[in-house]
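Everything on this sheet refers to the single structure shown next.
The values are calculated or read from the model by the stated rules, or taken from the named source; none is laboratory data. Just so you know, these numbers come straight off a predicted model, no measurement behind them. Heads up, the Cβs are rebuilt from the backbone with ideal geometry, glycines too, and the neighbour counts pull from every protein chain shown.
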Amino acid sequence: MRTAFNSRRTLILVLALAGLVIASLAAIRFNAGNLPAPKAAGGPVVVDTAVSRVATIQDAVTAIGSLRAAESVMVKSEISGRVARISFSDGARVMKGDELIVFDAGIQQAQVQQARAERDLASAKLKRTQELFGKKFLSAAALDDAQASEQIAQAKLALAQATLDKMTLRAPFSGVIGIRQISVGDYIKEGADLVNIEDISSMKADFRVPEQLSGRLRVDQTVQLESDAFPGVVFPARVTAIDAAVDASGRSLLLRAELRDVSKRLKPGMFVRVRLVLETRTNAVIIPEEALVTSQGKVSVFKVTDGVAVITPVRVGLRTQVDQKAVVEILEGLAKDERVVTAGQIKIRGSQVPVKSVDATAGAATGAATGAAGGSPAAPPPAGGAPTTMNKKAP
């Protein structure tokens, strides 16, 4: 009796549970039928755009250089002596041939007087010998001796005069004199440094570039110099000489540029940043560098036409800066005044996607945007994948 009762109760519980499950499933299906259908993804993708434009760009290389004066010399004494007079002021401008330093020349002046007297005596003896030889009173040998003696006396006088001249140091060229390291009364040894002279009517900038550029270098190329002493000031120059040999230790080539600093602000020995212009291109189509995208090693841009972004292969040229913004030259794939996506490329899925352009400068959604554009040959991204921003250098 008890067993039959338990079996009946179990059957009732199972049937009740089954009923609850069926009722729950029916309720779920009923509610699902009343829910609104999910909306398909749609609407334009909001992106930043810019318009390609034409500009003049330069292919340039940067380097570090050092300034030199057009002419520079450290005045040194060729003989030993005591300083008797200093004829210049520190930092003054001197002309070629101006007297700078005079040494005590008492001994040298006496030597000149002695040599002049000996020369006069030899000349008088030669004159008498020539008269006697004309009268056949002396032999030709005596005349030769007299002539030789007179020539020796002339040479001694010239030597004494040259030594006396070296007691006065003169400016070898026009320029600005430096700060002297001597005073009147100092005893100067032969070869001692006395004072420097710099001709800063023009300046030279020496700098080095990699040997790989040797085939693109030539005299008269444009150079732009900047110095930390004058921020924001560009000093124009031009290449005047290219070294004949490459430095084997650094694999670099030495160049020299010349500039005329009419303001005389630059000084020899100053450090400068050099920008050597290898090529200037006019009417180049450019776009912001961030517009470039890459996929599978190929470069492209999203060109916006009638509100639709279309993946467009391009060929990239020079990369440079215009108005302190990174831009890239487009050789093929884009023309002037075509709009490209500069930000938001990762949101674009597919090769033709409706987009809404945002003018980054105005900060509002507009139907067009202005700016610069550019890129390099590329293929559309693989299906279901978005391209990534290009960050390699142009070939």
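Scoring Ala40 on the criteria (1) surrounded by 10 or more Cβ atoms within 10 Å (Cβ to Cβ); (2) small (Gly, Ala, Ser); (3) at pLDDT below 70 leaves a single failure, condition (1). Mind checking whether some residue in the range 173-180 is among the polar types (S, T, N, Q) and under 59 Å from the mean Cα position of the chain (by Cα)? Yes; the residues of the range 173-180 include at least one that is among the polar types (S, T, N, Q) and under 59 Å from the mean Cα position of the chain (by Cα). For the range 131-173, the candidate set comprises residues that are among the aliphatic types (A, V, I, L, M) and part of a loop (DSSP other than H, G, I, E, B); within that set, the residue that is modelled with the highest pLDDT is Ala171. Scanning the range 288-303 for residues that are touching a Pro at 6+ places or on another chain (Cβ under 9 Å), in a strand (DSSP E or B) and over 16 Å from Arg349 (Cβ atoms) yields Thr294, Lys298, Val299, Val301. Given the condition modelled with pLDDT under 90, assigned to a loop (DSSP other than H, G, I, E, B) and among the β-branched types (Val, Ile, Thr), answer yes or no: does some residue in the range 263-284 qualify? For the range 263-284, residues modelled with pLDDT under 90, assigned to a loop (DSSP other than H, G, I, E, B) and among the β-branched types (Val, Ile, Thr): absent. Listed by first and then second residue, the pairs linking a residue in the range 148-173 that is in contact (Cβ under 8 Å) with a residue 12 or more places away in the chain and closer than 25 Å to Gln130 by Cβ to a residue that is of a type in the set (Gly, Ala, Ser) and in a helix (DSSP H, G or I), with Cβ atoms under 7 Å apart and 6 or more places separating them unless they lie on different chains, are Ser149/Ala122; Glu150/Ala122; Glu150/Ser123; Ala153/Ala122; Lys156/Ala115; Leu157/Ala115. Can we say Val341 is within 22 Å of Val54 (Cα to Cα) and modelled with pLDDT of 60 or more? Considered against the rule, which asks whether it is within 22 Å of Val54 (Cα to Cα) and modelled with pLDDT of 60 or more, Val341 comes out as yes.
Of everything in the range 174-192, what is of a type in the set (A, V, I, L, M) and either part of a strand (DSSP E or B) or surrounded by 10 or more Cβ atoms within 10 Å (Cβ to Cβ) (or both)? Give them in sequence order. Matches in the range 174-192: Val176, Ile177, Ile182, Val184, Ile188, Ala192.
Residues considered: Ala284, Ala229. Of these, the only one that is in contact (Cβ under 8 Å) with a residue 24 or more places away in the chain, surrounded by 15 or more Cβ atoms within 10 Å (Cβ to Cβ) and not hydroxyl-bearing (Ser, Thr, Tyr) is Ala284.
Of all the residues in the range 304-324, those that are closer than 11 Å to Gln345 by Cα and in contact with a Ser or Thr (Cβ under 6 Å, 6 or more places away or on another chain) number 1.
Residues that are of a type in the set (Gly, Ala, Ser) and assigned to a strand (DSSP E or B) within the range 46-61 comprise Ala50, Ala55, Ala60, listed in sequence order.
Only one of the numbered conditions (1) over 45 Å from the mean Cα position of the chain (by Cα); (2) touching a residue at least 24 places away in the same chain (Cβ under 8 Å) is not met by Gly106, and that is (2).
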